[in-house]
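In what follows, a structure is listed as structure tokens, so that the remarks can point back to it.
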């Protein structure tokens with residue numbers, strides 16, 4: 001199986017996505033989406049940004065490599081009565097079956113950044129966007145002190161080195177790398193803009209209970225725990241992550257979690 005597909009079909013990312021819904025809606029509200037627009041949500045999960053885009057009246061296609069998340073997204077669309085939203089399985093590195101210049105907006109929030117061939121991802125996003133359309137990415141930032149960058153940093157210290165040729169998904173949080181990828185795909189440098197934005201993770205459990213969700217349902221963290229267990233370091237990893245989650249909690253209440261995380265928002269005018 002494709003390792004990327006295996007990673008995101010592991011566990012159940014919908015459990016984490018449920019704590020991100022409010023930020024997904026807020027992010028989409030600022031994208032200038034209007035009724036009748038065609039929107040592609042790439043690496044969409046179960047629809048944290050795809051659903052609000054469809055609720056604004058756009059015709060939305062969600063594409064994700066994980067079949068379980070596609071099924072969950074279609075179930076959410078059906079439950080919400082959104083006939084203008086559908087999800088299908090696909091690979092951000094090769095958007096087979098999607099015609100050139102099909103979409104007014106291509107959106108990917110913590111999605112396409114995890115695909116293994118970033119130059120191909122940039123080319124595919126540019127290819128399927130209409131002239132005058134826009135690509136918007138939300139990417140985690142390497143070395144950032146907030147939650148997800150720190151989860152991935154800590155986890156990497158407990159996992160085996162990546163295979164030769166591996167390109168870290170965190171490079172999508174580096175402005176020079178993003179610029180290099182889109183200019184190689186034919187976009188003028190002055191049409192790529194960057195800003196910092198925030199996603200907030202909110203749930204009515206303690207930070208330590210919230211970490212348990214990542215341990216059991218979030219593929220990268222699951223892999224880190226498995227590797228740490230094999231090396232007799234699981235308690236050490238858990239202690240580091242538990243300290244992180246509790247230190248970052250801003251809820252002011254012991255049994256609630258509110259953790260903001262900084263992202264790089266990339267806007268590309270095609």
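The values are calculated or read from the model by the stated rules, or taken from the named source; none is laboratory data. For clarity, every value in this text was computed on a predicted model and none was experimentally measured. Positions of Cβ are backbone-derived with ideal geometry, glycine not excepted, and every protein chain shown enters the neighbour counts.
Would you confirm whether or not the stretch 236-246 contains a residue that is surrounded by 14 or more Cβ atoms within 10 Å (Cβ to Cβ), touching a strand residue (DSSP E or B) at 6+ places or on another chain (Cβ under 8 Å) and under 22 Å from residue 12 (Cα atoms)? Checking the stretch 236-246: at least one residue is surrounded by 14 or more Cβ atoms within 10 Å (Cβ to Cβ), touching a strand residue (DSSP E or B) at 6+ places or on another chain (Cβ under 8 Å) and under 22 Å from residue 12 (Cα atoms). When the helices (runs of 4 or more DSSP H) confined to the stretch 189-270 are screened for residues that are modelled with pLDDT under 95, those reaching at least 2 such residues are found at 219-230. When the stretch 158-173 is examined, which residues are found to be out of contact with any strand residue (DSSP E or B) (no Cβ under 7 Å at 6 or more places or on another chain) and either assigned to a helix (DSSP H, G or I) or in contact (Cβ under 8 Å) with a residue 40 or more places away in the chain (or both)? Within the stretch 158-173, 158, 159, 160, 166, 167, 169, 171 qualify.
For first residues located in the stretch 122-150 and farther than 24 Å from residue 63 by Cα, partners that are part of a helix (DSSP H, G or I) and lie 6+ apart or on another chain with Cβ distances below 6 Å form the pairs 142/170; 142/173; 147/248; 150/244.
Among strands (runs of 3 or more DSSP E) entirely within the stretch 50-110, having at least 1 residues that are over 26 Å from residue 6 (Cα atoms) and out of contact with any helix residue (DSSP H, G or I) (no Cβ under 9 Å at 6 or more places or on another chain) singles out 59-64, 103-109. Looking across the stretch 24-49 at every residue that is in a strand (DSSP E or B) and more than 16 Å from the chain's Cα centre (by Cα), the one that is surrounded by the fewest Cβ atoms within 10 Å (Cβ to Cβ) is identified as 38.
Keeping to the stretch 124-141, report how many residues are touching a helix residue (DSSP H, G or I) at 6+ places or on another chain (Cβ under 9 Å) and either part of a strand (DSSP E or B) or surrounded by fewer than 19 Cβ atoms within 10 Å (Cβ to Cβ) (or both).
To start, the set of residues in the stretch 124-141 that are touching a helix residue (DSSP H, G or I) at 6+ places or on another chain (Cβ under 9 Å) comprises 124-126, 135-141.
Checking the rest, the ones that are also either part of a strand (DSSP E or B) or surrounded by fewer than 19 Cβ atoms within 10 Å (Cβ to Cβ) (or both) come to 135-140.
Of the residues in that region, 6 qualify.
Inclusion of residue 146 among residues that are modelled with pLDDT of 95 or more, under 16 Å from the mean Cα position of the chain (by Cα), within 30 Å of residue 208 (Cα to Cα) and buried (at least 17 other Cβ atoms within 10 Å of the Cβ) is warranted. State which residue pairs qualify: first residue at positive phi and in contact (Cβ under 8 Å) with a residue 24 or more places away in the chain and inside the stretch 1-12, second residue in a helix (DSSP H, G or I) and surrounded by fewer than 15 Cβ atoms within 10 Å (Cβ to Cβ) in any location, beta carbons under 8 Å apart, and separation of 6 or more residues or different chains. Listed by first residue and then by second, the contacts come to 11/216.
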